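Structure, as C-alpha cells:
The values are calculated or read from the model by the stated rules, or taken from the named source; none is laboratory data. Owing to the predicted nature of the structure, the values given are computational and were not obtained by experimental measurement. Virtual Cβ from ideal backbone geometry, glycine too; neighbours counted across all protein chains shown.
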Amino acid sequence: MVESVNPPHRLLMGPGPINADPRVLRVMGAPLLGQFDPVFREYMKQASALYRGVFQTRNRWTLLVDGTARAAIEAALVSLIEPGDRVLVPVFGRFGHLKVEIAKRCGAEVRALETGWGTVFAPETLEKAIREFKPKLVAVSHGDTSTTMAQPLSELGHFCRDNDAILYVDATATLGGMDLRTDAWQLDVVSAGLQKCLGGPPGSAPLTLNERAEKIIQRRKHTEEGLREMGQRDGDGPVIRSNYFDLAMIMDYWSDKALNHHTEATTMLYAAHECARIVLEEGLEKAFARHARASKALVAGLSAMGLKLYGDQAHKMPNVTGVYIPQGIDGEAVRRTLLEQHNIEIGTSFGPLRGRIWRIGTMGYNARADAVEQTLRALETVLSQQKLKVPRGAAVDAALSVYR
Ligand SMILES: Cc1ncc(COP(=O)(O)O)c(C=O)c1O
C-alpha cells in the first residue's frame, strides 16, 4: 500500500494557488451534510449574502459554481452566448485567449482585440471597438496573472450599456485583493476563484449576475426531463449547450425551489463561505491595502536586489509581480532550488514570456510581511549561489522599510 499523502509545507508565492488560510482548512474538516438539509440550505443562503458583500453588489443571483475559476467562466459564457452571437474579447494575456477559445466553442463570432503583453487597453480603444463591432457580449479579465496586468474597468460597463452589450468580467485573480465594484461599475456578470486573493483552495467559483444577464439566461431555461412538473414551460430561446454549467438550472438549484441539479461540493461550500467571512471581517478596504502594501514591499525588495520589473507598472496588479530573469541565470534552476532548499514556490510564465520572467504572488493569506521577507531572503541566497552579484541584505531592508 502507498503511504497517505503527507506533502511538504511549502510557501506558495506563485500566481496562485497560494496557501489557504488555516481557518478555511479547518472548516473543510466539518461534517458533510446533504444539499437539501435545512442547515446546509442556510449555509448556501449565507454564502450568497457574503459574496454580495465581496462582489460589492445587490444582485440576487450570487452563487457558487462547483469547479475551479474556469468553471464559472465557462458557465457564464455558455449560458449567455447563443451560436452566432458577436463576442468581443480584449486580450492582454493568456486568460483573454482562454475566453476567446471558450466563446468560439459556444459558437460565437469572436473578435479578439489584442494589445502587447505587459500593457492594457486605453478606455477609448475599448469604446471604439464596442461601437464598431456591436457585440452582444464583451468578455474581459480584470487582472491577467499571465502578464500581471490589471485592466481598468470603471468606464467599460457604461460603454457596454450605451451599446446594448452585456459585460462579463473574469475577476479570478483580483476579487478580494483589488477594488472591483460590480454594481457601481455596471458589470453584468462577474466570476472568480478561491485560490488567489480569497485565500482558499481551488475548487469553488463565486459568480454574480444581474437582471440584464438573468433575462438572457431565463429565456434559454429548459428543465430536465425527470424534474419537470405538470404545466411547466421552457423558455423560447435555444437550450444552453452544457448541462453542468447551465446557469438557469444552477439558479433554480440555488433558489428557494431547490430544484435538483448536481450534488453540491459541500466541503468547498464551507471553504468559500469561510473565505468570504475572512475578507469581510477584515474589511474590503483593508484587504486591498494589505495587498497593495505587500506588493510594494516585494517590488522594493526586488528593485534593491537590482532586478528589473516586467510590464507597465502603472497597471500592475497589486497581488502578482513579474520580474525579469537576469541575464545568464537559469530561471528554472532558481525556481527548483527555491522549492527544494527553501520550500518556496514562485511562478514560471507562459507563451511569449516563457523563460523571460518569474511571477511572484503576494495574495490572500500570503500578502504578509513575513512571507515577502522570507521569499526575498531566499531569492537573494539562491541568486548569490548562482554567482549573481546582489547587495546582501538590501532587499529585505527595502521591503521592511515599506512596512515601517
Ligand atoms: C484571470 C484568470 N482567469 C482564469 C484562471 C483559471 O483559473 P482556474 O485554473 O482556477 O480554472 C486564472 C488562473 O490563474 C486566472 O488568473
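Screening G351 against (1) surrounded by 14 or more Cβ atoms within 10 Å (Cβ to Cβ); (2) modelled with pLDDT under 95 leaves a single unmet condition, (1).
Rundown of residues vs (1) free of Cβ contacts under 8 Å to residues at least 12 places away in the same chain; (2) closer than 22 Å to G118 by Cα, yes/no style:
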residue: W254; (1), (2): no, no
residue: H273; (1), (2): no, no
residue: A276; (1), (2): no, no
residue: E282; (1), (2): yes, no
residue: K296; (1), (2): no, yes
residue: G301; (1), (2): no, yes
residue: D312; (1), (2): no, yes
residue: E332; (1), (2): no, yes
residue: L339; (1), (2): no, no
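In the stretch 186-201, of all residues being assigned to a loop (DSSP other than H, G, I, E, B) and under 10 Å from the mean Cα position of the chain (by Cα), the one that is surrounded by the fewest Cβ atoms within 10 Å (Cβ to Cβ) corresponds to Q195.
Cβ-Cβ contacts under 7 Å between residues 6 or more apart (or on different chains), taken from a first residue in the stretch 363-388 that is of a type in the set (V, I, T) to a second residue that is part of a helix (DSSP H, G or I) and surrounded by 18 or more Cβ atoms within 10 Å (Cβ to Cβ), are listed as V372/A294; V372/A297; V372/L298; V372/G301; V372/A399; V382/V334; V382/T337; V382/L338.
Taking helices (runs of 4 or more DSSP H) as the structural unit, those lying wholly within the stretch 214-331 and holding at least 1 residues that are more than 30 Å from R368 (Cα to Cα) and not assigned by TED's automatic domain parsing to the domain that holds I360 correspond to 247-254.
Residues that are on the phi > 0 side of the Ramachandran plot and either within 16 Å of the ligand (Cβ to nearest atom) or assigned by TED's automatic domain parsing to the domain that holds R377 (or both) do not occur anywhere in the stretch 74-89.
L11 meets all of the listed conditions (1) within 19 Å of G203 (Cα to Cα); (2) away from the ligand (no atom under 16 Å from the Cβ); (3) crowded, with 18+ Cβ neighbours inside 10 Å; (4) not polar (S, T, N, Q) but one, namely (1). Mind checking which residues of the stretch 153-185 are among the small types (G, A, S), part of a loop (DSSP other than H, G, I, E, B) and closer than 22 Å to T125 by Cβ? Result: S154, A165, A171, A173. For the stretch 139-187, a tally of residues being within 21 Å of A367 (Cβ to Cβ), among the hydroxyl-bearing types (S, T, Y) and in contact with a helix residue (DSSP H, G or I) (Cβ under 6 Å, 6 or more places away or on another chain) returns 3. Condition check for I216 on (1) in contact with a Pro (Cβ under 7 Å, 6 or more places away or on another chain); (2) more than 16 Å from the ligand (Cβ to nearest atom): one failure, at (1). Looking at the stretch 29-43, can you tell me whether even one residue there is farther than 19 Å from T145 by Cα, of a type outside the set (F, W, Y) and under 23 Å from the mean Cα position of the chain (by Cα)? No, the stretch 29-43 contains no residue that is farther than 19 Å from T145 by Cα, of a type outside the set (F, W, Y) and under 23 Å from the mean Cα position of the chain (by Cα). Checked against (1) within 23 Å of L153 (Cβ to Cβ); (2) buried (at least 16 other Cβ atoms within 10 Å of the Cβ); (3) more than 12 Å from the ligand (Cβ to nearest atom), G53 passes all but condition (2). The condition of being without any contact (Cβ under 8 Å) to a residue 60 or more places away in the chain and under 26 Å from the mean Cα position of the chain (by Cα) holds for only one of R233, R212, R219, R181, that being R212. Looking at the structure I just gave you, is E332 acidic (D, E) and touching a strand residue (DSSP E or B) at 6+ places or on another chain (Cβ under 6 Å)? In short, no. For the stretch 91-106, how many residues meet the condition of being near the ligand (Cβ under 8 Å from one of its atoms) and under 20 Å from I240 (Cα atoms)? Counting residues in the stretch 91-106 that are near the ligand (Cβ under 8 Å from one of its atoms) and under 20 Å from I240 (Cα atoms) gives 1. Inspect the stretch 32-45 for any residue being of a type in the set (S, T, Y) and in the same structural domain as A258 (by TED's automatic domain parsing) and give the result as yes or no. Yes, the conditions are met somewhere in the stretch 32-45. When the stretch 332-348 is filtered for residues that are surrounded by fewer than 19 Cβ atoms within 10 Å (Cβ to Cβ) and assigned to a helix (DSSP H, G or I), the ones remaining, listed by number, are E332, A333, R336, L339, E340, Q341, H342.
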